[in-house]
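Some notes on the structure that comes next.
The values are calculated or read from the model by the stated rules, or taken from the named source; none is laboratory data. Quantities reported herein were computed from a predicted structural model and do not represent experimental measurements. A quick note on method: Cβ atoms are made from the backbone with ideal geometry, for glycine too, and the neighbour counts reach across all protein chains shown.
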Amino acid sequence: MNETYDVVVVGGGIAGCFAAATAAAKGADVAQLERKSRERGGYIACGDAMKSPRDPKNYPGPIDMAAIAEDRSVFVNDGIDRIEWWDEELDVRKSLPYSNGSNVIDRYEFGQRLLEETAELGVTQHYDTVVNGVTRNGRVTGVEAMCDGKPVRYDCSVVIDAAGAQSLLQDMVPFDTLDTPGEPTFEVPHYTHFGSAYREIIETEKPVAYHDAIIGKPLEEMGYIWYFPRSPTLINVGLGFQMNKPAIPLVDRLRRDIEDRPEYQNARVVEKFGTGNKIGSSIALRRPLDSMVAPGYLAAGGAAATTHPITGKGIRGAAFSGYSAGRAAALAIEDGDVSEAGLWEHNRWLYRDHGEAAKLAAWDAYNVAASAIEVNVLRALTALLPEQELREIVGTKREADGFRSTLSLATGVLRNFVSESRAGTFETLGVGRSEVYESVIGLKKTRDYVAEYEQLYEGYPSDPSDFDGWLRDRNHLDERFYDALELSSAERKY
Ligand SMILES: Cc1cc2nc3c(=O)[nH]c(=O)nc-3n(C[C@H](O)[C@H](O)[C@H](O)COP(=O)(O)OP(=O)(O)OC[C@H]3O[C@@H](n4cnc5c(N)ncnc54)[C@H](O)[C@@H]3O)c2cc1C
């Protein structure tokens, strides 16, 4: 059997819905393929924390987020106004603002609403459909799938890969055999650029005190544990680690963390995600792909790594990159050009017009720098850094000028260090003061490089013919940054 559409979107998650809905609203004939059943659609492992649904920059396109935002079965806790960082061993609690109107959601209900809205916009949805091949003829021309146990070929002008982090489609497309004027620009990510994460939902006997905050705590080897309250008694708890670090037994480690907490005594596990060997779910912890475009093919969401490279939050990135892919596909079909150049608008819009991909790419420098620091030094640094500096790092401020000089940064750290409550930090963690001061200097250097990356990504090429030159400059900046951090070749992320 074969079916023909303008656009085939693989994936019924957030990126897939935003992409399919946008392309359909722009007049394309769109099919969306999802391996799960209609009833299970939208069900996915997630911490469920998301930025305000009311900001159209976060969630552009035809999906009516304002209407979904009114749905109390989706936006179950819209009172979140801050992120707290707890390092309990050091008796440290830091509080940072989280943008107004942010939420902990019911991800399944959210996923279901998105799928409904996408169908209402005219998208043909095929559930129980597992894509297991890609067809090509100089460009990607469609996909092959098993649909309810029967093989089906879906032909189209553009395939949008919204199959999530570590998308299998990227193993199926031989990018170097497609017709491009030079080397293909599409960047295939490496598995060490991903993390593995696990979550449960637990119900406590009594309300927790932090129902209006999302909580993060340090975990060995560049990971973190979270408590994200859906309500005062229903908490999404989970943890994740980066795959370039030794694996952590996720379920046991989570149990060990929560079993001694007074507020979780007698808590009931309401929901677990994953069974058997399939416990951890993949999450992109890298910068967005250098290019998300190939002839007849676009990647969005987890498949394009539009995730925050430090926190792993990717709902918003999946929404705006899905929108961008749907828009670029429809425009290219209208122009009759689905070549790499014809689809380039996806890269251009994300990096230049919308600009959020450029910010994510720049912030990845913090991930690189933090990975190079021993975890206890990182904890000491986080404990001793004034909150203002932490805000600059995880916040949205772009101007490097706003970041203090190394001297005032070190003074702030010193002030916290001499304050009586922090005096034991170095001893507790067994780290030397000089190591922490060196990492303060490394942090300041990194902030300066973040500013350079931001500037470079603002000049992302509008046309693929300028991509090679831009990439050379970017790779050169990587080299200078890695040299400044004195990273060995094995420690270099890209
Ligand atoms: C444990 C965990 C906690 C997280 N917590 C947060 C958080 O609190 N806040 C936040 O913003 N982000 C969080 N994230 C990240 C966020 O969930 C992802 O960035 C986001 O889901 C990416 O959306 P997506 O649409 O790109 O991919 P996905 O949501 O992964 O959707 C991909 C879809 O494609 C389907 N699919 C895959 N392969 C095929 C195939 N071959 N054939 C057919 N269908 C296929 C899948 O079934 C799935 O439905 C978390 C991730 C994890 C793993």
request  = Please determine, by comparing only the residues of the stretch 285-307 that are of a type in the set (Val, Ile, Thr) and within 14 Å of the ligand (Cβ to nearest atom), which one is farthest from residue 188 (Cα to Cα).
outcome  = 307
query = What is the residue count in the stretch 246-256 for residues that are assigned to a loop (DSSP other than H, G, I, E, B) and either under 13 Å from residue 224 (Cα atoms) or among the hydrophobic types (A, V, I, L, M, F, W, C) (or both)?
reply = 2
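With within 30 Å of residue 389 (Cα to Cα) and either within 14 Å of the ligand (Cβ to nearest atom) or outside any strand (DSSP E or B) (or both) as the only criterion, which of 62, 53, 97 stands out? Before you say what the answer is, go through the steps one by one.
Numbers: 62 fails: within 30 Å of residue 389 (Cα to Cα); 97 fails: either within 14 Å of the ligand (Cβ to nearest atom) or outside any strand (DSSP E or B) (or both).
Just one listed residue meets the conditions, 53.
Just checking, does the stretch 26-43 include any residue being among the acidic types (Asp, Glu) and either part of a strand (DSSP E or B) or not assigned by TED's automatic domain parsing to the domain that holds residue 326 (or both)? Can you show your working first?
Initial filter on the stretch 26-43 (among the acidic types (Asp, Glu)): 29, 34, 39.
From what's left, either part of a strand (DSSP E or B) or not assigned by TED's automatic domain parsing to the domain that holds residue 326 (or both): none.
No, because not a single residue in the stretch 26-43 is among the acidic types (Asp, Glu) and either part of a strand (DSSP E or B) or not assigned by TED's automatic domain parsing to the domain that holds residue 326 (or both).
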request  = Of all residues in the stretch 110-147, count the ones that are closer than 28 Å to residue 46 by Cβ, away from the ligand (no atom under 13 Å from the Cβ) and not polar (S, T, N, Q).
outcome  = 8
query = Would the stretch 272-285 turn up any residue that is over 30 Å from residue 8 (Cβ atoms) and either in the same structural domain as residue 183 (by TED's automatic domain parsing) or in contact (Cβ under 8 Å) with a residue 12 or more places away in the chain (or both)?
reply = yes
Residue in the stretch 312-366 that is nearest to residue 30 (Cα to Cα), counting only those that are crowded, with 20+ Cβ neighbours inside 10 Å and polar (S, T, N, Q) = 324
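Is it the case that residue 154 is under 28 Å from residue 251 (Cβ atoms) and more than 10 Å from the ligand (Cβ to nearest atom)? Spell out the reasoning first.
Numbers: under 28 Å from residue 251 (Cβ atoms): no; more than 10 Å from the ligand (Cβ to nearest atom): yes.
No.
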request  = Hey, could you check the stretch 256-283 for residues that are of a type in the set (Gly, Ala, Ser) and modelled with pLDDT under 95 and say which is nearest to residue 371 (Cα to Cα)?
outcome  = 282
task = State which residue is nearest to residue 323 (Cα to Cα) when the search covers only the stretch 4-55 and only residues that are β-branched (Val, Ile, Thr) and at pLDDT 95 or above.
result = 22
ask   = Going through the stretch 1-50 one residue at a time, which ones are farther than 14 Å from residue 329 by Cβ and more than 10 Å from the ligand (Cβ to nearest atom)?
value = 1, 2, 3, 4, 37, 38, 39
request  = Could you tell me which residue of the stretch 157-191 is nearest to the ligand (Cβ to nearest atom), considering only residues that are farther than 17 Å from residue 305 by Cβ and among the aliphatic types (A, V, I, L, M)?
outcome  = 172
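Please specify each residue of the stretch 308-320 satisfying the condition of being within 8 Å of the ligand (Cβ to nearest atom) and at negative phi.
Of the stretch 308-320, the ones within 8 Å of the ligand (Cβ to nearest atom) are 308, 311-318.
Answer for the stretch 308-320, where residues must be within 8 Å of the ligand (Cβ to nearest atom) and at negative phi: 308, 311, 313, 314, 315, 316, 317, 318.
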query = Restricting the search to the stretch 56-76, which residues are closer than 16 Å to residue 327 by Cβ and exposed (fewer than 15 other Cβ atoms within 10 Å of the Cβ)?
reply = 56, 57
